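Presented below is the structure to which this report refers.
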Amino acid sequence: NGRGVAKDEAKAFEWFKSAAELGNADAMFGLGLCFENGRGVAKDEAKAFEWYERGAKLGNAGAMINLGLFFANGRCVAKDEVKAFEWFKRGAELGNSRAMFNLGLRFENGRGVEKDETKAFEWFKRAAELGNADAMFSLGVCLRDGRGEAKDRAKAFEWFKRAAELGSTFAILGV
């Protein structure tokens, strides 16, 4: 990101690659991001997938989320909602709010798991309590509509407001 030094994506890629090859899961995630977005290296989603998979297997929650997204969207692999769910669940169990939010979406829509609005609400709430604006908005929707929890427009408004304060466009429109 260039903090303290001139930004050099090619150099960042080399540092990520060196650390990843030494088994650093965080660097594997960073290397996956480089390949996925073409930062410091030619864009290559297949290599991004490989590095996310390696990082995820070593416990990096960010890699788990991105691996889940690859499976959910059928990028570089056959679309597999169950595998997507499993990777989001592993990331959520590590306390990652983005993974919790994605897990909530899976329960809300019955993708890769049986639809369960109560569990969706619970995962949205956990993620929202960790500061995830998207989860705050989804939690507000659940409370507004009585999905997974009794309707409570006052609480819904509070969650919409908190999400809007964090810059959620949907929440700003919802408030």
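Quick notes on this structure:
- With θ taken as phi - 60° and the Karplus curve 6.51 cos²θ - 1.76 cosθ + 1.60 applied, the whole-hertz 3J(HN,Hα) list for region 155-168 is 5, 4, 4, 4, 5, 4, 4, 4, 5, 4, 4, 8, x, 5 Hz, x standing for glycine and proline.
- Heavy-atom accessible surface of region 46-167: percent carbon and sulfur, 1.4 Å: 46
- Counting 0.36 nm for each residue step from Asp26 to Asn109 and taking away their Cα separation leaves a gain of 26.8 nm.
- The listed residues Phe157, Phe121, Phe137, once ranked by accessible area (1.4 Å probe) with the largest placed first, stand as Phe157, Phe137, Phe121.
- Placing pseudo-labels 7 Å out from each Cα toward the beta carbon at Asn37 and Lys79 gives an inter-label distance of 2.6 nm.
- Links that overshoot a 19 Å alpha carbon limit, given the list Lys119/Lys161; Lys17/Lys47; Lys17/Lys89: Lys119/Lys161; Lys17/Lys89
- Ranked from largest to smallest solvent-accessible area, with a 1.4 Å probe on the protein heavy atoms, Lys155, Lys89 come out as Lys155, Lys89.
- Max mean-square fluctuation residue, GNM over the chain, Cα-Cα springs under 10 Å, options Ser18, Ser138, Ser97: Ser18
- The separation of region 103-175 from region 20-82, counted between C-alpha centres, amounts to 27 Å.
The values are calculated or read from the model by the stated rules, or taken from the named source; none is laboratory data. For clarity, every value in this text was computed on a predicted model and none was experimentally measured. Virtual Cβ from ideal backbone geometry, glycine too; neighbours counted across all protein chains shown. Ligands, DNA and RNA are excluded from the accessible area calculation, which covers all protein heavy atoms including side chains. Shrake-Rupley method; radii C 1.70, N 1.55, O 1.52, S 1.80 Å.
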